[in-house]
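See structure below.
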Amino acid sequence: MERHLAAYPSPHEATWDSGEYAAGYAAAAERFAGAEHLTHYDRRVRTSDAVEAVAYRPEYATYGGPEAIDAVEGHFCDSSRIALALLDGGIEPGRRRGFAAAALMLALAAWEPDPTRLARALEASRERWDPHDRPSNDRERAALTAQLLRCHRIAAGAEIPGARDPLGAWWRSIDTLRLRALDLQAAGRFHPETAVSSFQPPGVTRARGDVLILLLRCVHLLCNRLGLPGEQETHLRHLVGTTYRELEHR
């Protein structure tokens, strides 16, 4: 890291600790902390080209306890390997978004394998994930529908992805995590803090909702690994939700 920073220093005019940048950072930090439901976060502005060792603090409350953290961290390692392999292969931005959409579909299919029931559940929560209509073209809708149906075939065991298919690696990892969470839940050892999701149907049980949110957190962090900005991730949720909705009404 030190060698990289020395080789690629920031431009001299980028003094992040100056008043203008500090104010901008403060506003951005507050916005992102709010999105993560954080009441306490680090407000310091570091100097340019600085490196700071920060101790790792497992998020037991977020993920449900020590055993759940162990399972989640195992998945995170898988997720990082998948993302690195995709990026190392020079995957273009459009295909990154496509993979993220498929990963979201697989996470949802892991939670509810029946696409019709899932479509109805997402329709019930539509006001949260679809605040306004953003039309997609016919070709995009057809591709998304085909991908959605494939993801549910994978989830049902009707289709086995090839050994080198990164989507298959994601499915095996996210479903392993789901099964472990269910085991811990049954044993009374999975207790994440209360959270909400735009895809969480109204009236879903706390136990079912906890597992859904765990899986969706993993999709969000995969999007981070793939370098997708927040607005693209929001649009992906809209596209996936709309695809399920159209499946229900066709």
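Rounded to the nearest 20, the Cβ-based charge dipole of segment 61-249 about its Cα centre (Lys and Arg +1, Asp and Glu -1) stands at 140 debye. Straightening the chain between R43 and A186 buys 47.5 nm, computed as 0.36 nm per residue apart minus the Cα-Cα spacing.
Which FRET efficiency value, to the nearest 0.05, do you get for E246 and D165 by plugging their Cβ-Cβ distance into 1/(1 + (r/R0)^6) with R0 = 25 Å? Once rounded, the FRET efficiency stands at 0.45. In this simple spin-label model, placing a label point 7 Å from the Cα along the Cα-to-Cβ direction at both T205 and A156 gives a separation of 2.4 nm. Rounded to the nearest 10 degrees, the angle from helix 66-88 to the longest Cα principal axis of the chain is 80 degrees.
As a rough footprinting exposure proxy, the listed residues S198, S173, S80 were ranked by other beta carbons within 10 Å of their own, and the order from fewest upward is S80, S198, S173. Based on C-alpha pairs under 8 angstrom that are at least 6 apart in sequence, segment 61-249 has a relative contact order of 44 percent. Between helix 93-111 and the chain there is an angle of about 50 degrees, using the helix long axis and the longest principal axis of the Cα atoms. To the nearest ten degrees, helix 230-249 and the longest principal axis of the Cα atoms of the chain are 10 degrees apart.
Only the coordinates and a few stated rules stand behind these numbers; no lab work does. As the structure is a prediction and not an experimental result, all values here were calculated from the model. Don't worry about glycine lacking a Cβ; one is built from the backbone with ideal geometry, like all the others, and counts go over all protein chains shown.
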